[in-house]
Amino acid sequence: MKKRGSMSAAEFAGQLNREPAYQAKLAAQADQSARVRAAELALLERLGEMGYQVESLTDLVERYAPLPADLVQALLRHLATEDHPNVQEAVVRALAAARSVPAAPLIALFEGTSSEALRWAVANTLAEARPSEAAAWIQDAVHNEGYGRAREMLLLALARTSPPGRANVALASLLGSFPGHAALGLAESGTSAELPALEAAYGATSGWEHDQIGRTINLIRRREQETRD
């Protein structure tokens, strides 16, 4: 194939469309999109039979949040039989809008998948739903380097499910690895004891992480001042 710079955009597109590998890639993408949509439609049909008439899971959240218990159970039943990571992720994200979610199926899904995006979504839902029975697992999981970036949202879940005395030690120790997200957790549970670690991280970071650490420092100082007053 000629270099793109030697032909017009139309010629390049025409050449590309004749490439078998490119056509195969397009076909695979179309097949995956169709499979994802079919799985979502099957779920939406079952939800419609329960009286929840919606066109998408996003619509479900917008219309029915906080999700009631029967809807949560229906989503969890679907999650137990669904094997496509994209569909699983959409269901997990919808569950973040529930009044409460049992931790066990979410933890099993997190541990059983290799999808970083799905793990991140599960961690986010644990942070939003705050199931207390997940506390011990989260305390261990935040230190498991094999969980990669999903630990970002687990840090916020840690702050929301564990006693501050326990959560803050772990959050401060992970400021070097996840400065912004550890600071997000400390914004909710941190005390003056964590200020030295936060101030050290503040000087070593930039961008949104630097800004978030600064906000957390100010929040903790205000909290401490209000407690003294």
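Counting only trypsin sites (Lys or Arg not before Pro) that DSSP places in a loop and that have at most 12 other Cβ atoms within 10 Å, the longest clean stretch of the chain runs over 100-229. One equal scatterer on each Cα of the stretch 75-182, no solvent, Debye formula: the resulting log10 I(q)/I(0) at q = 0.23 Å⁻¹ is -1.25. Between the Cα long axis of helix 164-173 and the first principal axis of the chain there is an angle of about 60°, rounded to the nearest 10. Reducing the stretch 149-226 and the stretch 55-110 to their Cα centroids gives an inter-centroid distance of 29 Å. Across q = 0.10, 0.17 Å⁻¹, the chain modelled as identical point scatterers on its alpha-carbon atoms has Debye log10 I(q)/I(0) values of -0.62, -1.10, in the order of the q list. Of MET153, MET50, the residue with the largest accessible area leads and the full order is MET50, MET153 (1.4 Å probe). Rounded to whole numbers, the Karplus 3J(HN,Hα) couplings from phi for the stretch 114-124 are 9, 7, 5, 5, 5, 4, 4, 5, 4, 4, 5 Hz, using 6.51 cos²θ - 1.76 cosθ + 1.60 with θ = phi - 60°, and x at Gly and Pro. Between the amide H of ALA98 and those of LEU67, distances stay under 5 Å, these residues lying 5 or more places away or on another chain, with hydrogens modeled in the peptide plane. A simple count of charges around GLN73, restricted to other residues whose Cβ falls under 13 Å of its Cβ and scoring Lys, Arg +1 and Asp, Glu -1, yields +2. Remark on the stretch 142-229: hydrodynamic radius 12.7 angstrom, per the Kirkwood mean of 1/r across alpha carbon pairs.
The values are calculated or read from the model by the stated rules, or taken from the named source; none is laboratory data. Computed from a predicted structure; not experimentally measured. Quick reminder, even Gly has a Cβ in these numbers, built from the backbone with ideal geometry, and neighbours come from all protein chains shown. Ligands, DNA and RNA are excluded from the accessible area calculation, which covers all protein heavy atoms including side chains. Shrake-Rupley method; radii C 1.70, N 1.55, O 1.52, S 1.80 Å.
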